[in-house]
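As structure tokens, the structure follows; a few thoughts come after it.
The values are calculated or read from the model by the stated rules, or taken from the named source; none is laboratory data. Because the structure is a prediction, the values reported are computed rather than measured. Counting neighbours? That spans all protein chains shown, and the Cβs are built from the backbone with ideal geometry, glycine included.
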Amino acid sequence: MSHFIRSSKYRHVYCEAPKHDEKFENLRLATTTGEQQYIKGNTKFIAVALAGGGGPVGIFEHDKPGRMEAGAPVIAGHKSAVLDFDFNPFHEHLIATASDDCTAKVFGIPEAGLTETITEPLVDLHGHGRKVTLLRFHPTASNVLASISADFTVKLWDIEKGSEMFSLDGVHEQLIQDINWSPDGKTYATSCKDKKVRIVDARDNAVAQEIPDAHEGAKSVKLTFLGDKEKLATVGFTRQSQRQIKIWDPRNLGAALKTEKIDQAAGVIIPYYDEDTSVLYLAGKGDGNVRYYEILPENPLLFKLSEYSSTTPAKGMAFIPKRGCNVMKCETARGLKLTSNAIEPLSFIVPRKSDAFQEDIFPPTFAGVPACTSDEWLDGIDKMPGKISLDPSSDGTVVQAAAAEEASTPMMTRSAALAYIEKLKEAMTAAGVPIPDP
């Protein structure tokens, strides 16, 4: 009987736990709970919500681990607890925060990190009627931020102008549990307590498709788009409270392409997809395990690689951009595990004997440069962000993604259409023609 061993560059990837002096310790974390993942990171900083007045958020530099001293500077510009936050993917020193005080704010972090407590935001976003629970920056356009609130709305903001772009009202009738942008930024997906997963056309501000019962269980559903695989992954529970993952084709949501049971644990799973390696990481709140799977273009679609086990439960988990990884150590991903009072960086490494740069496991990655402005995105411009080589010997040139083919019939941009409508109104008014109500 012959045995087929599947070939994969990432089949032997393993997780290296941090040494004691690589941890961030003595953290007094906020006691608020919710749908957020409690920790975020970029290539320079790590953010966590702390206990105290003003909704303090601690900002830590990757290369300065150790104990957090009492009275250390923080961001504290809210009137109540901060529930979620997100780093601007195109500006390492900008962070948006969402609070129980019904507002979202944007703060600037000094080049040298926090040297004093910051209380004044750069931008103050008002519009939600209840607490703001989740934030997600747009993946291709600069300064576009999505916010979710307990008022069951999703709002898109232009943080540069400090103005609301869209508000999705009357669609979700229960608590929204998660939001994730598609890689091209045309759509975003939401999961809701009503067990529906909705895919929303962001610029039309309307639901394009939905899955009525993505998972039968009553607990929270988390989701992520699977990059160039053009799939959507949802992680939830069965009716018997068993954790499971499903993979969907967003173009046909009639039935899941793949369903795989995980285990019987109770913690909600946070998914993270690494498009460069096609590896999906699943980290459960309340347990110490991190599972990782390779996403395949064809059946079986999902192939389990391995699992990192720990007896220390995780409160939250986040991954940093690939540009922050140690490529000469063959670190293909770095997770930030938040425990009850510490941050533990987890290095996921592909074992290689050579000390040279491994180009086959480090393809060009997201460069941190926007593909378009918020106005261009509103006008219908769809571009993917440029990529950069991680080879230390490269010159840092950003390679722009190939532009999408232009339609044979050029489409009028949104701004041009609005200007045309105004001209029509002026002409109708001058001619004495009544303007109909919308």
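Annotations
- Candidates are the residues of region 299-331 that are of a type in the set (A, V, I, L, M) and closer than 15 Å to Lys40 by Cβ; the one that is surrounded by the most Cβ atoms within 10 Å (Cβ to Cβ) is Ala314.
- For region 370-381, the tally of residues that are of a type in the set (Val, Ile, Thr) and either at pLDDT 95 or above or crowded, with 19+ Cβ neighbours inside 10 Å (or both) stands at 1.
- Positions within region 382-438 being at pLDDT 80 or above and in contact with a helix residue (DSSP H, G or I) (Cβ under 9 Å, 6 or more places away or on another chain), in sequence order: Lys383, Ile388, Leu390, Asp391, Pro392
- Top-ranked residue in region 110-124 [being of a type outside the set (D, E, K, R) and either in a strand (DSSP E or B) or without any contact (Cβ under 8 Å) to a residue 40 or more places away in the chain (or both); ranked as surrounded by the fewest Cβ atoms within 10 Å (Cβ to Cβ)]: Ala112
- Flag if Pro297 is closer than 26 Å to Ser389 by Cα, modelled with pLDDT under 95 and not β-branched (Val, Ile, Thr): yes
- Those strands (runs of 3 or more DSSP E) lying entirely in region 151-247 with at least 1 residues farther than 26 Å from Val123 by Cα and in contact with a strand residue (DSSP E or B) (Cβ under 9 Å, 6 or more places away or on another chain): 187-192, 197-201, 206-211, 222-225, 232-237
- Filtered residues of region 63-91 (kept if part of a loop (DSSP other than H, G, I, E, B), buried (at least 19 other Cβ atoms within 10 Å of the Cβ) and of a type outside the set (Gly, Ala, Ser)): Pro65, Met68, Val74, His78, Asn88, Pro89, Phe90
- Verdict on Phe107 being outside any strand (DSSP E or B), touching a Ser or Thr at 6+ places or on another chain (Cβ under 7 Å) and modelled with pLDDT of 95 or more: no
- Criterion applied to Asp228, Asp249 was being within 24 Å of Asp194 (Cα to Cα) and either surrounded by fewer than 21 Cβ atoms within 10 Å (Cβ to Cβ) or of a type in the set (S, T, N, Q) (or both), and the one residue passing it is Asp249.
- Per-region count, region 328-348, residues outside any strand (DSSP E or B) and either under 14 Å from Lys19 (Cβ atoms) or out of contact with any strand residue (DSSP E or B) (no Cβ under 6 Å at 6 or more places or on another chain) (or both): 6
- Whichever residue in region 199-222 is among the basic types (Lys, Arg) and within 24 Å of Ile262 (Cβ to Cβ) and, among such residues, is modelled with the highest pLDDT: Lys222
- Of all residues making up region 60-82, the number that are touching a residue at least 24 places away in the same chain (Cβ under 8 Å) and on the phi > 0 side of the Ramachandran plot: 1
- Residue count for region 248-269, restricted to those that are under 15 Å from Ala283 (Cβ atoms) and assigned to a strand (DSSP E or B): 3
- Output for region 279-289, where each listed residue is surrounded by 18 or more Cβ atoms within 10 Å (Cβ to Cβ) and farther than 30 Å from Val369 by Cα: Gly284, Lys285, Asp287, Asn289
- Residues in region 29-52 that are touching a His at 6+ places or on another chain (Cβ under 9 Å) and of a type in the set (D, E, K, R): Lys44 alone.
- Conditions (1) under 20 Å from Tyr38 (Cα atoms); (2) out of contact with any Ser or Thr (no Cβ under 8 Å at 6 or more places or on another chain): number failed by Gly236: (2)
- Hey, Ala356 part of a loop (DSSP other than H, G, I, E, B), hydrophobic (A, V, I, L, M, F, W, C), farther than 29 Å from Gly185 by Cβ and without any contact (Cβ under 8 Å) to a residue 12 or more places away in the chain or not: yes
- Among the residues listed as Ala318, Ala314, Ala333, the single one being among the aliphatic types (A, V, I, L, M) and more than 18 Å from the chain's Cα centre (by Cα): Ala314
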